[in-house]
1. Which members of the range 60-97 meet the condition of being at pLDDT 85 or above, within 19 Å of Leu122 (Cα to Cα) and of a type in the set (Val, Ile, Thr)?
2. May I ask you to say which residue of Glu88, Glu60, Glu40, Glu74 is within 20 Å of Val173 (Cβ to Cβ) and of a type outside the set (A, V, I, L, M, F, W, C)?
3. Is it the case that Ser174 is modelled with pLDDT under 90 and in the same structural domain as Phe89 (by TED's automatic domain parsing)?
4. Among (1) without any contact (Cβ under 8 Å) to a residue 60 or more places away in the chain; (2) farther than 29 Å from Ile156 by Cα; (3) surrounded by 10 or more Cβ atoms within 10 Å (Cβ to Cβ), which single condition is Glu74 missing?
Amino acid sequence: MALNKNKEILIPSAIIGILSLGLIFLVIFPLKNEIKKNSEEFNQIKNNLALLETKTEDIEEIKQDYQNFQTRIEQVNKLFIDFDAPLEFINFLENNAEDTGLSIEISSLSSKKIKEDPWPSLTFQMKLKGPSSNFLSYIQKLENAPYLIEITRLYIRKLEQQEGVEKGIEANVSIKVFARQKI
């Protein structure tokens with residue numbers, strides 16, 4: 001009978017042991033492996049999300065830089081006159097002469113690309129007549145103009161009263177203005 005009792009205890013214990021091992025190998029280990037795999041996927045997704053957020057911030061920064069550069073490029077482009085139609089600049093010269101009380105004649109216009117110059121340029125020949133103080137004011141306006149201007153030649157002659165202008169000057173001025181060409 002004692003042997004039977006041991007059998008009665010041993011058989012259910014063996015069945016419980018086998019079921020426990022089966023539960024461990026068939027349920028718990030696969031579940032543990034699945035949790036580990038999902039955890040790795042989650043970490044990978046989290047890392048990808050962090051990378052995307054960084055890239056999004058970089059893109060926003062690039063957009064802001066682009067807008068700043070566009071503004072600066074527009075400002076730089078305003079320094080150059082239109083190579084093909086410099087009418088706006090000619091009006092600028094004439095209006096400043098009128099504002100300073102000088103008479104102006106723009107006698108020639110030539111365009112060229114000089115090897116030493118970084119940009120193409122237009123050269124204007126002007127004859128100005130009027131009081132010398134007005135002439136200095138005109139030259140200051142040229143120097144402070146919103147264009148890239150270089151005075152290349154300047155000849156000044158004193159005028160006598162009989163030429164119709166009260167003791168003034170006549171100046172022949174040659175200026176070079178840098179221009180942009182349409183591409």
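The values are calculated or read from the model by the stated rules, or taken from the named source; none is laboratory data. It should be emphasised that the depicted structure is a prediction, and the values quoted were computed from it without experimental measurement. We place every Cβ from the backbone using ideal geometry, glycine too, and count neighbours over all the protein chains shown.
1. Ile90
2. Glu88
3. no
4. For Glu74, the failing item is (3).
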